[in-house]
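The values are calculated or read from the model by the stated rules, or taken from the named source; none is laboratory data. Predicted, not measured: the structure shown is a model, and the values here were computed from it. Cβ coordinates were reconstructed from backbone atoms using ideal geometry, including for glycine residues, and neighbour counts include every protein chain displayed. The protein model used for the area step is the full one, side chains on, heavy atoms only, and it has no ligands, DNA or RNA in it. Shrake-Rupley method; radii C 1.70, N 1.55, O 1.52, S 1.80 Å.
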Amino acid sequence: MAIGAHIGLKELCDLSSSVKSFLGPLKSHKFIYDQDTQESSLTCSAFRLLGNLHLTGAVGQLLHETIQAHHKTYKTGTTSLFFLVGAWSKAVLEGLHQGVPVALIVSIMQEGLNSCIEIVESLHIEHECVLNLNSSNQILARDISDACSKNRSVSCIDQPVATSGFYHSNNLPKNRMQMQFPQRGGIGGQARQMNRLSHSRHFSVSNKSCFHSSGSTLPTNNHTLMDLTRSLSHGSLEAMSLVEEAVRHLCESVETKSVTKDLFRASRLELCFLKGQSEAFSNASLGYTTLLAAENCALVKGLEGKSLKALLVDGEVAENYRHVGFIKATNVRAIAEFKSEKSDLSWINTVCKRIIHAGIDIILVRGDVCQQFMIECSCRGILVIPRVRQNVLQAFSECTGAELVTYLAQINCNSIGCHVYVSVCMRGDSILQCGQRIAVNLKAKGLNFVTAVISCRWSAKEQLLEDEFWACAYRLHHALYDQKVFPGGGAVELLCLHHLRKLEEMAGTFSPESKGSYPSSWLSTTAIHSKGYIYKCLADGFCKYLSVLFYNMGECSSELEAMTFINNELKNIRDFSSPSSYILNKYVRNLVSVDGQELSSSYRPTVYDNVIPKLEAWRRALHLVLIVLQSDAEIITGSAAHKQTLKGDFITGEHLAL
């Protein structure tokens, strides 16, 4: 097969090279300049980068749709997906250069990735959040179960020190790690404390089992909210501090004893940008904060301190607004349907009378609002806020009991919410303004909603700050929703790399009996000899990912040094009795601390990754590569010849369903 004709895979390699600097916490940002609008934006997101590129080819469009679908669902992991697409495309091209059949690459690479996903389950760090308001107003938060306890035969890198409390190895409890929220007003965390000392690197005895029949202790640490959020920040500490502040506001507003996925959800957050202001003024506040025209200031001031009745409109407010199914053809009109401006004013007067009769003080509308209707409502002391997102309407609906309406004609007693309060946002003695608009905050009793107000001097940086905030918010959201995380910093990929190297070695030592599981054909013989090489191709993608990640993390001064570090780590893992235990002890650093002792300045907090977004990024990346590979092969060899090759018994429908 003509390797040079695989244009699709080469295009994926070229496109993915642009996100190399986006991996890791030490990102190199890029400016995107639009020659048509003469505008620019700053980004370190693969999603934004692709969205600003004019991709006319089929491969570029397919890549864009894959990235877009992943970003829409998870809001994180798009850079890893993008980078792995290029790394695996390059590895597949090398496999084709060695003459490996396309059918085998598709089948065995999927088999290898599924095997990796199974093996990394041993690295799941499960957590359950617990909230406890005590006299010092501190909040206890998380329980992390020791991932080593999932495997009774694992060995830890360090010998535990027996202290108070012994547990039999057949009845091991969860490793309880309690996280305390820091006192309000200070992002800096208090000194970490623990009740017991165990798994310390200072008492290490290599290759000793951490679980003995006589019993052992599991570490119990106290952690602050900052420990968890910083572990998920991935270098975006300022954005994560806003998320952390939002969590504190939610905990203060809702009287509950459990920090769960229902308490903190990314859908309960909103962003409000203040252009031209110093970034030091960024903060999170309870309620919904938005910007309104400055002429509404007097109206809002008149409504302050009053308990207001609210109407929530899930649509647009205009006379010609109709449901899609009720919109008539635009080119067919009866004479009686022609209307004048007087009839428009008649509609506005009618709906205004209905609103006044219902005693409504404030209207939140998801879509646009007729300008004349807003003026008439303002004159009658009714505040109208257009373009409110669906999640905001839902939050107010839950706390006020108001039912969402689509049209103003549907107003009834069930669609009116009570006890809503509005106020003008102040900074000191002055009104918080952004150009010709003022910031207004809406609250309600029991409202579980927080707005992050982000100040920014440069408009080109707005998109970057927005992406960083939502990425941090969704990392915390997924961590709470899944109730488990991965150790980050390349730990999971390192275990996958070790596993694939092991599969590669095993594939090289096959017995004649193993032929029985394959058809006696050229494809089966080729599969036996090529399986190890295909595992190597899959491993090369992870290896390239790790080398760039370690370099961008500052662990290594160059990618070459990073490769040396990776090889040394693989050797250490291979020499250790349990690879997963080695990874957990090496990369989950903050499991170790001493009661009442300050940590050294060289201490680095653990990095956590989300489980499902990471695994889905792997799957989507490999599936995209294999789809492009098969499409290229059909173009080169012809569809009929390609289908004939895939009719072998070795290839099953499961492997072809990408």
Legend entry - Hits in the range 296-310 (condition: outside any strand (DSSP E or B) and touching a residue at least 40 places away in the same chain (Cβ under 8 Å)): 296, 297, 299, 300, 301, 302, 303, 304, 305, 306, 307
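May I ask you to list the residues in the range 90-100 that are in a helix (DSSP H, G or I) and out of contact with any His (no Cβ under 9 Å at 6 or more places or on another chain)? Steps first, please.
Filtering the range 90-100 down to residues in a helix (DSSP H, G or I) leaves 90-97.
Matches in the range 90-100: 90, 91, 94, 95, 97.
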Legend entry - Hits in the range 21-35 - residues which are assigned to a helix (DSSP H, G or I) and crowded, with 21+ Cβ neighbours inside 10 Å: 22
Inset, instruction - Scan (1) surrounded by 15 or more Cβ atoms within 10 Å (Cβ to Cβ); (2) within 15 Å of residue 290 (Cα to Cα); (3) out of contact with any Gly (no Cβ under 8 Å at 6 or more places or on another chain) for the single condition residue 396 breaks and write down its number. - result: (3)
Legend entry - From 486, 510, residue being more than 33 Å from the chain's Cα centre (by Cα) and either open to solvent by less than 60 Å² (accessible area, probe 1.4 Å) or at pLDDT below 80 (or both): 510
Inset, instruction - Given the conditions (1) within 17 Å of the chain's Cα centre (by Cα); (2) open to solvent by 70 Å² or more (accessible area, probe 1.4 Å), report the number of the one that residue 70 does not fulfil. - result: (2)
Inset, instruction - Could you grab the pairs with beta carbons closer than 8 Å, sequence gap of 6+ or different chains, first residue in the range 235-251 and under 17 Å from residue 471 (Cβ atoms), second one among the basic types (Lys, Arg) and open to solvent by 10 Å² or more (accessible area, probe 1.4 Å)? - result: 235/27; 237/230; 240/230
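Matching residues to (1) β-branched (Val, Ile, Thr); (2) under 23 Å from residue 618 (Cβ atoms); (3) open to solvent by 50 Å² or more (accessible area, probe 1.4 Å):
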| site | (1), (2), (3) |
| --- | --- |
| 13 | no, yes, no |
| 16 | no, yes, no |
| 19 | yes, yes, no |
| 37 | yes, no, yes |
Inset, instruction - Sort out which residues of the range 370-385 are touching a residue at least 24 places away in the same chain (Cβ under 8 Å) and surrounded by 20 or more Cβ atoms within 10 Å (Cβ to Cβ), and write them in order of number. - result: 370, 373, 377, 382, 383, 384, 385
Legend entry - Residues of the range 544-583 satisfying the condition of being open to solvent by 80 Å² or more (accessible area, probe 1.4 Å) and either outside any helix (DSSP H, G or I) or modelled with pLDDT under 90 (or both): 557
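Conditions (1) among the charged types (D, E, K, R); (2) within 21 Å of the chain's Cα centre (by Cα); (3) open to solvent by 20 Å² or more (accessible area, probe 1.4 Å); (4) more than 17 Å from residue 544 (Cβ to Cβ), marked per residue:
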position	(1), (2), (3), (4)
78	no, yes, no, yes
81	no, yes, no, no
89	no, no, no, no
92	no, no, no, no
99	no, no, yes, yes
103	no, no, no, yes
107	no, no, no, yes
111	yes, no, yes, yes
117	no, yes, no, yes
Inset, instruction - Quick one: count up the residues across the range 336-368 that are in a helix (DSSP H, G or I) and modelled with pLDDT of 85 or more. - result: 11
Inset, instruction - Just need a number here: residues in the range 390-413 that are over 18 Å from residue 303 (Cβ atoms) and either of a type in the set (Ser, Thr, Tyr) or not in a helix (DSSP H, G or I) (or both). - result: 9
Inset, instruction - Go through (1) open to solvent by 40 Å² or more (accessible area, probe 1.4 Å); (2) of a type in the set (S, T, N, Q); (3) in a strand (DSSP E or B) one by one and return the number of the condition residue 41 breaks. - result: (1)
